[in-house]
1. Filter the range 31-41 down to the residues that are in contact (Cβ under 8 Å) with a residue 12 or more places away in the chain and exposed (fewer than 13 other Cβ atoms within 10 Å of the Cβ) and list them by number.
2. Considering only the range 3-30, state which residues are within 13 Å of Val67 (Cα to Cα) and either in contact (Cβ under 8 Å) with a residue 60 or more places away in the chain or loosely packed, with under 14 Cβ neighbours inside 10 Å (or both).
3. Quick one: which helices (runs of 4 or more DSSP H) sit completely within the range 20-97 and have at least 2 residues that are under 17 Å from Val8 (Cα atoms)?
4. Hey, Ile101 hits all of (1) modelled with pLDDT under 95; (2) crowded, with 16+ Cβ neighbours inside 10 Å; (3) of a type outside the set (D, E, K, R); (4) under 16 Å from Cys18 (Cβ atoms) but one; which does it fall short on?
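The values are calculated or read from the model by the stated rules, or taken from the named source; none is laboratory data. Predicted model only: the values in this text are computed from it and were never measured. We place every Cβ from the backbone using ideal geometry, glycine too, and count neighbours over all the protein chains shown.
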Amino acid sequence: MYARMIQVTTKPGQLRDCVNAFVERGLPLVKQQQGFVDALALSSETERDRFVGLTIWKSKEDSDRYVNGQGRQFLESVKSYFQQEPTVSNFNLEASTTHNIGIARAASSR
């Protein structure tokens, strides 16, 4: 499995609108994508304008297909909330209690 994390600093006072856009428009869109497994939307307790989104995918290819298609269009539609360009990081999912993935199982799937 594969994970992609986006970190955003919103313009002052825009965090709630940004989170609402991700939850109300982004989540329904991503849930329809091939290979989508799960998503988390996080707001910082200490940095009032910071948002982190984490998506879990069956494969890197599934994630890339979304990011290069509808994901790009969605980000374009919410960029007015951003103070700067978002930071995107990519990860191999090594273990997850939620998705019942152990370290040995994740390693064997590569």
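1. Within the range 31-41, Gln34, Leu40 meet the criteria.
2. Listed by number, the residues that qualify are Ala3, Arg4, Met5, Ile6.
3. 70-78
4. For Ile101, the failing item is (4).
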